[in-house]
Amino acid sequence: MNKKVFILSNVSPVIAGYGVFYILLAIIKQVPVVGQEVSKLWFIPFLILTAYIAYSTRKEYKLSKQNGL
């Protein structure tokens, strides 16, 4: 399997998830008290999710390369 196709197939569903995350963040920011706290900490779950996606994609690619797929 081509490396670009493999990465795209793993990452494309997550891009849709990030879109939903952004929409929810925009809605929550409109609430005065809660929105202030969320806007200070929004990047923490975003970074954790991004790191996990990068790790799992790399791991799957190496595993498929070993198996000859």
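The residues in segment 16-55 that are surrounded by 10 or more Cβ atoms within 10 Å (Cβ to Cβ) and under 30 Å from ASN67 (Cβ atoms) can be counted, and the count is 10. When segment 4-27 is filtered for residues that are farther than 20 Å from PHE43 by Cβ and touching a helix residue (DSSP H, G or I) at 6+ places or on another chain (Cβ under 7 Å), the ones remaining, listed by number, are PHE6, ILE7, ASN10.
Residues in segment 21-44 that are in contact (Cβ under 8 Å) with a residue 12 or more places away in the chain and within 30 Å of PHE6 (Cα to Cα): PHE21, LEU25, TRP42.
Any read-out appearing in this document is the output of simple, stated calculations on the displayed coordinates, not a laboratory observation. Owing to the predicted nature of the structure, the values given are computational and were not obtained by experimental measurement. Neighbour counts run over all protein chains shown; Cβ positions are idealised from the backbone, glycine included.
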